[in-house]
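Peer 1: Have a look at the structure that comes next, please.
What follows is calculated from the coordinates using simple rules that are stated; it is not laboratory data. Just so we're clear, the structure is a prediction, and the values are computed from it rather than from any experiment.
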Amino acid sequence: MALFGNAHSIDPAKAQQEYARLLGRGEQLRAAFLLIRDTLLFTDRRLILVDKQGVTGKKVEYHSIPYKSISHFSVETAGHFDLDAELKIWISSSTTPLKKTFTKGVDIYEVQAILTEFVTG
C-alpha cells in the first residue's frame with residue numbers, strides 16, 4: 001500500500017492538452033503530478049488541484065489556488081528508510097496546510113523550485 005495516495009510526475013505537454021479547458025488564455029502548464037485519482041497542476045499563474053470524487057471518479061472538483069494566496073510552504077525530504085517526501089502548502093485563508101505526498105521517483109526539490117519561483121516572484 002506504499003503507493004496509495006502518492007504522486008508521480010506526468011508529462012506537462014500531455015497534461016496541458018488534457019486540461020486545456022481549465023487554462024486561461026496564454027496560461028502555460030509548468031509541471032504536473034498524478035496521484036492515484038487526483039492531479040496537481042502547476043501553471044505559470046496558479047496551482048490547480050483536480051480532485052476526483054465518488055466511487056467512479058466521474059464527479060470532479062477543481063480547486064484553483066493563485067500563487068499569491070500561498071502564505072508559505074514546506075517540504076520534508078525522504079529519509080533513509082522513508083521512501084516518500086511531503087509537501088505542505090498553507091493557503092492564506094486557512095490555518096491547516098494542504099498536504100501532498102510524493103514518491104521517491106519525484107524530485108521534491110523541483111516542486112519546491114516551482115513554488116519558490118511563483119510564490120516569491
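Peer 1: Full-extension gain between residue 21 and residue 59, please, as 0.36 nm times their residue separation minus the C-alpha to C-alpha distance.
Peer 2: Length gained, residue 21 through residue 59: 12.0 nm.
Peer 1: Keeping to pairs on different chains or 8 or more places apart, tell me how many lysine pairs in segment 6-119 have Cα atoms under 16 Å apart.
Peer 2: Count of close lysine pairs: 4.
Peer 1: Given Cα pairs under 8 Å that are at least 6 residues apart, what percent is the relative contact order of the chain?
Peer 2: Answer for the chain is 20 percent.
Peer 1: Quick check: residue separation of residue 52 and residue 95 times 0.36 nm, minus the Cα distance between them. What number comes out in nm?
Peer 2: Full extension from residue 52 to residue 95 adds 13.1 nm.
Peer 1: Quick one: 3J(HN,Hα) in Hz for segment 59-70, Karplus 6.51/-1.76/1.60 with θ = phi - 60°, rounded, Gly and Pro as x.
Peer 2: Once rounded to whole Hz, the list reads 7, 10, 10, 10, 9, 10, 10, x, 4, 5, 7, 7.
Peer 1: Looking only at 55, 111, 75, which one moves most when the chain is put into a Gaussian network model with springs between Cα atoms under 10 Å?
Peer 2: Of the options given, 55 has the highest mean-square fluctuation.
Peer 1: If you scale each eigenvalue of the Cα gyration tensor by 5 and take the root, what three semi-axes come out for segment 6-119, rounded to whole angstrom and sorted largest first?
Peer 2: 21, 17, 15
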